[in-house]
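Please read the structure below before turning to the comments.
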Amino acid sequence: MPARKAILFAAAFAALSSAAGPAAAADLDIPVLVPVTGFLALEGTSQRNGAVLAIRQAPEGLTVRSEVIDTGTSPEGAVTALERASGRGTPTAIAASMLGTQMLAMLPLADEYGIPLVTVSGTASITERGNPWVFRFFPGDGVTKTAHARYVAEELGKRRPAVIYQTTAYGQSGQAHLRDAFAKLGVEPVFEEGVDPGIRDMLPVLTKAMAANPDVLVLHLHSGPTALFVRQAAAMNPGVPIVAGSAMHQPSTAALLEPAELKGVCAETSASPVSGGSPEMERFTADYRAAFGTEPDAFALGQYDGIRMVLDAAADGADTPEAVRNALAKGIYRGLAMTYRSDGRGNMAHSAVIVCYDGSSRVPAVVKRYDVAP
Amino acid sequence: MTGVAQLLVNGVALGASYALVALGFVLVLNATSAVNFAQGDLVMAGGFLAVALAGSIPLPGILLLPLVAALMAALGLLVSLLAYLPLRHRPPVSVFISTIAVGIILQNGATLLFGPEPKAAPPLFGGGTLDIAGVLVPEQSLAVVAVAGLLILGQHWLFARTQLGRRLRATAQDPEMARACGIPVTAMVAATFALGAALAGAAGLLLSNQFFVTPTSGSGLILKAYIAVTIGGWGSVAGAVAGALLIAAFEVVVSATLSYSAATAALYLALLAILAVRPQGLFGEAARSRA
């Protein structure tokens, strides 16, 4: 199995290289600068795969030069990758890191060089700095956490949530938006605690949360901690539902748990490719499986949609970075996950869904969709 | 009361796994006076090896354990050949850096081979839960404590009762004198790395079932091992075990009563207090008397 994965990994790079073609013949240059190592490697690899698949499926007549550069997880790693990608001329657009701190470091350079950054980062502040070159194809926390809180309060009718979040920037941003969203709904969490991603035992926080007598457990954790929490909660049977963050919808997270452990667990996300829903979505999922030997998630789909919008714009004649930026800023694109449209600040995604597991499989069903006007 | 017992059950299982990591760490430290900063990543490698073997050979974890330990011992030998022996006469910082490099190579190698997704190794026996006087005890936790305990006792037996153990101890205490006595010091050092990696592999299998394994999951473990050894007393095998159990119990209990952040802060405060009172660690004197 490992050998097969290594071959698939190499094949993905080889396929990307072959899609790129010789530099002189390329119409477009779209480097993929994302974290494929480090603590965000899981999500970053999904992001990379989504971009790679979109480039491989570029509209006929377009040749795309591309290169995957691992940014690691440091801001300087992202800046170095961007400098390297720009070393042989200005890229048409960049599939840029989903890590907020890296995006913040890349933004001034993108402005200086005039390169559109297409990302699935959820960090709110990257589109709050007046930078006209950033485009986010994943709903920000303002959208997803509102959906998260609304599902808890309006659909489940819960009024006493216990909120458990990660102590990372991702977790704290989500917690702040959850708190605001709950406040608007007149709901006051009975318990809130941050958990370091390296924590190996979730029983202490589960014990304390249950001592506060909540009627629902609301999680905003990374993939591994989410799976740990759900597993330990299933073993302890706390008797209250779990509504988790987007990490729970990732197939790799569900793969760590038995279907029975997932019974009744729900999660917010922008989309759930493995849940299907349309022939186009099912074709994307099949193509992704064939290309990478793994299941796609919302990050992969968001990045795929973003790069496809760039490529479609290029096919329509937008062949310079500035023309691509204008097309992204003003256009409306019907992607697989949703219809994208900039709110004037580069926020392209304005929908979120809630998925739930029924205990019989690791594939969730979409149970509620929330659309927010941009 | 039941809640505290429940927490302690988890804490003991976690501590037993930490103890295996710390033991491998202290073994290499004793034999070479070098700090092996790749020990946490060797645990990660053991976890992924268990996942890979389970994918090819559908056996319960307890039967995979010897295989994982043997293959990890071979990896330990390789580490000693590449990262320690060529540098042993250089300043200590050379080995320090080379073991960090080994850890980074292992992390990125794991990412290439297995991808970044968290993975779980098979359970040692089964996946059930026992209800003991209201305390829910996962069978895996019992198995982890039992296996870790056996491995710790086995290591004690090896060092105290066998010819190999005596040679290893002699090498650790005075390599030059050991060489003068005809002990193959280089082979003993390599054997120590192999044993340390085998213990890391066992810990990797035990931990990766309960807590999953990712390419970066070893990074935090080495810090835990380092603190356990410092609390217990550098060079003391018993101290490493006690230190690991203390850390796990401390983490679990303080986390449950205050918060995870408070537990982390309190752990380091306790470490400072222990070092202020006993700079040699809790078992430091015992270690010196044995030497």
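The values are calculated or read from the model by the stated rules, or taken from the named source; none is laboratory data. The structure presented is a predicted model; accordingly, all values stated were derived computationally and were not measured. Glycine gets a Cβ as well: all are built from the backbone with ideal geometry, and neighbour counts include every protein chain shown. Just the protein is used for accessible areas: all its heavy atoms, side chains included, with ligands, DNA and RNA removed. Shrake-Rupley method; radii C 1.70, N 1.55, O 1.52, S 1.80 Å.
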Answer with one residue from B:ALA52, A:LEU156, B:LEU150: the one whose Cα lies farthest towards the positive end of the charge dipole of the protein assembly as shown, charges on Cβ with Lys, Arg +1 and Asp, Glu -1.
-> B:LEU150
Accessible area buried, both sides summed, chains B and A with 1.4 Å probe, Å² = 2800
Measuring from centroid to centroid over Cα atoms, what is the spacing of the range B:226-246 and the range A:122-152 in Å?
-> 46
Using a 1.4 Å probe on the protein chains only, how many percent of the accessible area of the range A:23-117 belongs to carbon and sulfur?
-> 50
The percentage of the accessible area of the range A:135-234 (probe 1.4 Å, all protein chains present) made up of carbon and sulfur atoms, to the nearest whole number, is 48
Over 23 Å (Cα to Cα) - which of A:LYS145/A:LYS184; A:LYS330/A:LYS368; A:LYS263/B:LYS119; A:LYS158/A:LYS184; A:LYS145/B:LYS224 fall in this group = A:LYS330/A:LYS368; A:LYS145/B:LYS224
Pop out the Kirkwood hydrodynamic radius of chain A from its pairwise C-alpha distances, inverse of mean 1/r, in Å to one decimal.
-> 20.7
Could you list, by residue number, the cysteines of the protein assembly as shown that have no other cysteine's beta carbon within less than 4.7 Å of their beta carbon?
-> B:CYS181
Per-selection Rg to Rh, the range B:10-104 - Cα, Kirkwood hydrodynamic radius = 1.02
Result for the range A:19-106: accessible area per residue, probe 1.4 angstrom, in square angstrom, of 32
Taking a ≥ b ≥ c as the square roots of the eigenvalues of the Cα gyration tensor of the range A:253-374, is the shape rounded (a/c under 1.5), prolate (a/b larger than b/c) or oblate?
-> prolate
Long-range Cα-Cα pairs in chain B (distance over 31 Å), rounded percent | 26
Ellipticity estimate at 222 nm from DSSP helix runs (n ≥ 4, -39,500 (n - 2.57)) divided over chain A, nearest 500 | -13000 deg cm²/dmol
Note on the range A:158-197: alpha-carbon gyration tensor, axes a ≥ b ≥ c; rule is a/c under 1.5 for rounded, else prolate if a/b larger than b/c, else oblate; result oblate
D (Stokes-Einstein, µm²/s), Kirkwood Cα radius, the protein assembly as shown, 1.002 mPa s at 20 °C | 82
Extreme residue, positive dipole direction of chain A, given options A:PRO116, A:ALA212, A:ILE30 (C-beta unit charges) = A:ALA212
When only alpha-carbon atoms count, how far does the range B:205-291 stretch along each of its three principal axes, as whole angstroms with the largest first?
-> 40, 31, 18
Per DSSP H run of n ≥ 4, the term is -39500 (n - 2.57); total these for chain B, divide by its residue number, and report the mean residue ellipticity at 222 nm rounded to 500 deg cm²/dmol.
-> -25500 deg cm²/dmol
Cα-based Rg / Dmax (Å) for the range A:223-301 = 13.5, 41
With the solvent-accessible surface defined on protein heavy atoms using a 1.4 Å probe, which residues belonging to the range A:200-240 display a reduction of at least 40 Å² in accessible area in the multichain context relative to the isolated chain?
-> A:ARG200, A:ASP201, A:LEU203, A:PRO204, A:LYS208, A:LEU228, A:ARG231, A:MET236
Counting only protein heavy atoms with a 1.4 Å probe and every protein chain in place, the carbon and sulfur fraction of the accessible surface of the range B:81-127 in whole percent equals 75
What relative contact order, as a whole-number percentage, does chain A give when Cα pairs under 8 Å and 6 or more residues apart are counted?
-> 18
Given charges of +1 on the Cβ of Lys and Arg and -1 on the Cβ of Asp and Glu, with all other atoms neutral, how large is the dipole of the protein assembly as shown about its Cα centre, in debye to the nearest 20?
-> 1580
Mind checking the per residue accessible area of chain B for me, 1.4 Å probe, whole number of Å²?
-> 41
Taking a temperature of 10 °C and a viscosity of 1.306 mPa s, what whole-number D in µm²/s does Stokes-Einstein yield for the range B:90-149 with Rh from Kirkwood over alpha carbon pairs?
-> 104
Please work out the Cα convex hull volume for the range A:195-333 and give it in Å³ per residue.
-> 162
Non-local amide H neighbours of A:GLU192 (under 5 Å, H modeled in plane, Pro and chain starts lacking H): which ones?
-> A:VAL163
Give the shape of the range B:147-249 as rounded, prolate or oblate, defined through the alpha-carbon gyration tensor: a ≥ b ≥ c are the square roots of its eigenvalues, a/c under 1.5 means rounded, and otherwise the shape is prolate if a/b is larger than b/c and oblate if not.
-> prolate
Roll a 1.4 Å probe over the protein chains and send me the accessible area per residue for the range A:122-213 in Å².
-> 38
Which of the residues in the range B:94-137 lose at least 20 Å² of accessible area when you go from the chain alone to all protein chains together (probe 1.4 Å)?
-> B:ASN108, B:THR111, B:LEU112, B:LEU113, B:PHE114, B:PRO116, B:GLU117, B:PRO118, B:LEU136
